[in-house]
Every structure is written in C-alpha cells, then in structure tokens.
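Worksheet: one structure, shown below.
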Amino acid sequence: MTVKAVVLSLEIAQGLFGHNVTDYHAILGVPIGSDATTIRKRYLQIAPRLHPDTCPADLPDAKEQAKQLMSRLVNPAYATLSNDGKRAEHDVVLRMLHGQLPQQKDKVAIASLSARQLTTAPDVRTAYLKALNELAAKQYETLDGV
C-alpha cells in the first residue's frame, strides 16, 4: 500500500490492541495526562511540518499528503485534547481499555520493541515517557515516517 493510499484511507494498523479507538495522545506524541498547555505546545511544533504553506515537502503530492494528515489526524486530535471535557472523555475510554488488558493478555500481540521494553521495565512511567519522547522527536520528521 502506498503512503498516499494510507493517508487517504487513514487506516491505522497498530495501536490500542485492535480496538476501534483513535489514540489522540499518540497522534500528537504527548503523554496521557498532559495538560492543555503541553498539548498546544506540541500541536504548534507539528503544525508547520504539515501545513501546506509551510510544509518542507517539495512535491505537490507530498503537500497533499501532509494536508490530509493535518486535517484528518492532527487537527481532530488537537480539537479533542485541547478541550477539557473531550479530553476527560477520551481519557476515560483509554482507562477502560487499560482495565481490560489483564483479561486479554494472551490475545495481545506486542509488535514494537518499545512496547516489549515497557512490559519488562522496572519503572513503567519513566520508560513510557522516555519511549514517547523518542517517538515524538522523529514522529513528523518525514511524511514516510508518519
């Protein structure tokens, strides 16, 4: 599947163990429990990379891909997480899914190295923040990397 096809269909193959839930924290690269200021700061880091007028991509097709990512993923994530009420609802859904994990532990396939490291980390919170910061640093560097 080409990048363009993925962008236009916005099919997300990983995340939240196959549940039909979009993890807006992952899209913005912010930790669960982030406040509105942190969320806005991260959004303002991502926006110039994907906005059609400031996107560093040279090809018109790449600018369209960036525009699609911005309008269909990043903007909805920001709209949800920047609103206190919507963010609280989203966090409740994530907590519910987290609560179901012990019953599904045999059904969950851990695909990424970062996720496997989290399962064995002595301090999960520190490991989570470290992995998230590493991901966020390169998350929107290139359109192919998104």
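What the table shows:
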| read-out | value |
| --- | --- |
| Heavy-atom accessible area order for ASP91, ASP61, largest first, 1.4 Å probe | ASP61, ASP91 |
| Inter-label distance for GLU64 and GLN103, nm, one decimal - labels placed 7 Å from Cα along Cα-to-Cβ | 4.5 |
| Virtual spin-label span in nm between GLN117 and VAL21, 7 Å along Cα→Cβ | 2.5 |
| MET96, MET70, ranked by accessible area, largest first (probe 1.4 Å) | MET96, MET70 |
| Efficiency of FRET from Cβ geometry, ALA127 and LEU44, R₀ 25 Å, rounded to 0.05 | 0.40 |
| Residue-normalised accessible area of segment 27-85, expressed per residue, 1.4 Å probe, Å² | 52 |
| Accessible-area value, ARG116, 1.4 Å probe, nucleic acids and ligands omitted, Å² | 110 |
| Point-to-point label distance, VAL93-HIS51, nm (Cα→Cβ direction, 7 Å offset) | 2.8 |
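The values are calculated or read from the model by the stated rules, or taken from the named source; none is laboratory data. Since we're looking at a predicted model, the values are computed, not measured. Positions of Cβ are backbone-derived with ideal geometry, glycine not excepted, and every protein chain shown enters the neighbour counts. Calculation scope for accessible area: heavy atoms of the full protein, side chains included, ligands and nucleic acids excluded. Shrake-Rupley method; radii C 1.70, N 1.55, O 1.52, S 1.80 Å.
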